[in-house]
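Chemist: Before I ask anything, here is the structure I am working with.
Only the coordinates and a few stated rules stand behind these numbers; no lab work does. As the structure is a computational prediction, the values presented were derived from the model and not from experiment. Here the Cβ positions follow ideal geometry from the backbone for every residue, glycine too, while neighbour counts run over all protein chains shown.
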Amino acid sequence: MKRPTKELDQQSSIPVLSSPPGTALVPVTLKADQVGVFRCQRTKELSGRVRMSGSKNVGLKILALAPLFKEKLSLVGVPRNSQVRFFLDLLRSGGADIEIIGDGDDGFNLAVDCSRYAKACFSDDDILRCRHTLLLALATLLRRGAVDVALTGYSHYGPRPIDGQISTLRKFGAVVTTPENGSIRIELPSKGLAGTDVFLSFPSNAQTEAALWLGACSRGVTRLFGAAREPETLELIKFLRTSGVNVLLSDAGVITVEGAGADRLVPPRNFVIAPDRIEVGTFVATVALVSGEVLLQGLNLDVLGSFFAIGLAMGVEMSPVGDNALQVRKQGRPLATSIDTFPYPGFPTDSLGPFVAALSVASGKSIVQEKVWPNRLALGMELKRMGANIEYLSGQIIAINGVERLSGALVCGTDPRATAALINSGLFADGVSVVTGTDLLDNAYDGYDRKLLALGAKLERTFVPAERVTREHPRYGRLEAF
């Protein structure tokens, strides 16, 4: 690929750096005085087919387990988003040997050898750039017997306390120090961890995953009550079972783990990372907003119930094609509907942003309630700059009165899903929209803009001098986990 060339954007008089037409768009390390943006223009409709990537949340969690194995682990379809790339670098920094043995449409095929893994400390930067680093720290604890790890602190979405994980560690017998200089030290007891009963007041994914980790490597039986049952959690259970751990799920929702001990775990061969259901939801919302006909390939239809419910209510035609594809069609404005986020099988909080964008142009009034993260609906303030009629009934409830048109504007993507939503709105709006947050989008998606281009979208990833992006979000550039 040729070096990007400098040109003048006649629409906004902002000098930009753009890739030559027809070249692949790839994540680029920016200079300190540059900001990555997307320039979007009105797109009449989307058409074609696109393959879904492997799930970011499954891929990262499985990679976090890698230090438990002293033999080589092989994975298929690991997504190529920037958080995964950072995680691979983090593993390498601890002595892991990682080989990319394939690079297909749905992601990397990897061989991960942690036989010489020796990392024992995770810094503020490690935790800041990816929240799943805490899970890697737990695997390191189980491998080495002790670990120092920085606390997570606050995120864009709101408080992200790890009190549940810490209380779970102590319940298994681990010793956890009080915070010192922003970090804690965790140590295993001399006799190792002992299985226990863990009760969750809320079906937290993070606490459930920590308990599964610890239970698998403890002596005796562990039971989880009120645990998360998200598809990504079930994939983790599938992985543990393949590794030799006996995990049972009762009809009442109790998860029972018969501890095998870390030394008895067997690394799975060619474990396939499940498709990313959140990416599927993003594209359903994209078609609902922009219009068109798109075939989504390489997905799991069984976990898409909430998307079918909301998509059909919005007037989107959704037709399964075989066992792992979905035809999505929509012409004209979507219909208004109401959305409440809730843990699976409810509507996922991670998919809310793109659907809020679609509802901003729906015919009628929609009510949206975010029940998981308090700051998720900050996206609405950016959509209002484009002409959306959104009223905040509270910090976590909005009323959306759909409008017939949006107008291009400079808007700030404050998280990956918000950035995707604003790109979609830019494809519907009149004129040119400039969307910040390229780094945030790349945290969660494997080539979202590349896939949109293949469907006929009019957008371009470009780079502008930071001082010219006058509405930069106060926390822009902070590579944080979402």
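Chemist: Past the 30 Å Cα-Cα mark, which pairs from 191/371; 61/458; 371/458; 330/365; 119/191?
Modeler: On the way: 191/371 41 Å; 61/458 34 Å; 371/458 34 Å; 330/365 19 Å; 119/191 22 Å.
Listed pairs above 30 Å: 191/371; 61/458; 371/458.
Chemist: For the Cα atoms of the chain, what angle does the longest principal axis make with the long axis of helix 277-290, in degrees from 0 to 90, nearest 10?
Modeler: 10 degrees
Chemist: What does DSSP give for the chain in terms of the percent of beta bridges that are antiparallel, rounded to the nearest 5? Let's see the in-between values first.
Modeler: On the way: 69 of 91 bridges.
Given both bridge residues lie in the chain, the antiparallel proportion sits at roughly 75 percent.
Chemist: Also, quick follow-up: Compute the signed sum of charges (Lys and Arg +1, Asp and Glu -1) over the other residues within less than 12 Å, Cβ to Cβ, of residue 399.
Modeler: Numbers: positive: 365; negative: 391.
Once all neighbours under 12 Å are counted, the net charge is 0.
Chemist: What percent do you get for the relative contact order of the range 294-453 when only Cα pairs under 8 Å and 6+ apart count? Show your work: numbers first, answer last.
Modeler: Working: 317 pairs, mean separation 26.7, N = 160.
Contact order relative to length: 17 percent.
Chemist: Moving on. Hey, what angle do you get for helix 416-428 against the long axis of the chain, alpha-carbon based, 0 to 90 degrees rounded to 10?
Modeler: Rounded to the nearest ten degrees, it is 20.
Chemist: Can you work out ³J(HN,Hα) from phi for every residue in the range 222-232, in order, using Karplus 6.51 cos²θ - 1.76 cosθ + 1.60 and θ = phi - 60°, giving whole Hz and x for Gly and Pro?
Modeler: Couplings: 10, 10, 10, 10, x, 6, 5, 10, 4, x, 5 Hz.
Chemist: Under 12 Å from the Cβ of residue 111, count the other residues' Cβ atoms, weight Lys and Arg +1, Asp and Glu -1, and hand me the total. Present the calculation step by step, with values, prior to reporting the outcome.
Modeler: Values: positive: 72, 269; negative: 71, 97, 99, 113.
Neighbourhood net charge equals -2.
Chemist: Further, regarding this structure: When the label point is put 7 Å from the Cα of residue 200 along its Cα-to-beta-carbon vector, which residues of the range 42-79 have a backbone N closer than 16 Å?
Modeler: 57-58, 61-62, by backbone N distance to the label point.
Chemist: Over all directions, average the projected area of the Cα convex hull of the range 56-272 and note it in nm².
Modeler: Details: hull surface 45.0 nm².
Mean shadow area of the hull around the Cα atoms is 11.3 nm².
Chemist: For residue 451, list the aspartates and glutamates whose Cα falls under 18 Å from its own Cα; do not include residues on the same chain fewer than 8 positions away.
Modeler: 45, 103, 105, 106, 276, 279, 293, 439, 442, 460
Chemist: To the nearest 10 degrees, how steeply does helix 82-93 sit against the main Cα axis of the chain, on a 0 to 90 scale?
Modeler: In the chain, helix 82-93 runs at an angle near 30 degrees to the longest axis.
Chemist: Count the net charge of all other residues whose Cβ sits under 14 Å from the Cβ of residue 449, scoring Lys and Arg as +1 and Asp and Glu as -1. Please list the in-between numbers first.
Modeler: Numbers: positive: 39, 80, 450, 451, 458, 461; negative: 279, 439, 442, 446, 460.
Here the count lands on +1.
Chemist: Just to verify a number: FRET efficiency for residue 313 and residue 167, C-beta to C-beta distance, R0 = 51 Å, to 0.05?
Modeler: Numbers: r = 40 Å, r/R0 = 0.78.
E(calc), rounded to 0.05, equals 0.80.
Chemist: Working out 0.36 nm times the residue gap between residue 105 and residue 363, then minus their Cα-Cα distance, what length gain in nm do you get to one decimal?
Modeler: Working: separation 258, 0.36 × 258 = 92.88 nm, distance 3.65 nm.
Answer, rounded to one decimal: 89.2 nm.
Chemist: A follow-up question, please. Rg and Dmax in Å for the chain, alpha carbons only: what are they?
Modeler: Rg and Dmax of the chain, Cα atoms, are 22.4, 69 Å.
Chemist: Among 349-360, 315-326, 445-456, how do they line up by average Cβ neighbours within 10 Å per residue, starting with the highest?
Modeler: Working: 349-360: 27.2, 315-326: 14.7, 445-456: 20.6.
Result, highest mean Cβ count within 10 Å first: 349-360, 445-456, 315-326.
Chemist: Counting other Cβ atoms within 10 Å of each Cβ, which GluC sites (Glu not before Pro) in the range 44-122 have at most 14 and sit in a DSSP loop? Mind dumping the intermediate values first?
Modeler: Values: sites: 45, 71, 99; in loops: 45, 71.
Passing both the DSSP loop test and the Cβ count: 71.
Chemist: While we're on this one: To the nearest 0.05, what FRET efficiency results for residue 251 and residue 89 with a Förster distance of 51 Å applied to their C-beta separation? Write down the numbers at each step before the final one.
Modeler: Values: r = 42 Å, r/R0 = 0.83.
My answer for the efficiency is 0.75.
Chemist: Can you find, among 368, 165, 356, the residue farthest towards the positive end of the dipole of the chain? Put +1 on the C-beta of Lys and Arg, -1 on that of Asp and Glu.
Modeler: Most positive-ward Cα: 165.
Chemist: Could I ask something else about it? Based on other C-beta atoms within 10 Å, arrange 156, 132 from fewest to most. Intermediate values should be presented prior to the final figure.
Modeler: On the way: 156 19, 132 24.
Listing 156, 132 from fewest to most nearby Cβ atoms yields 156, 132.
Chemist: Roughly speaking, what is the centre-to-centre gap between the range 262-295 and the range 331-363 when only Cα atoms are used, to the nearest Å?
Modeler: 19 Å
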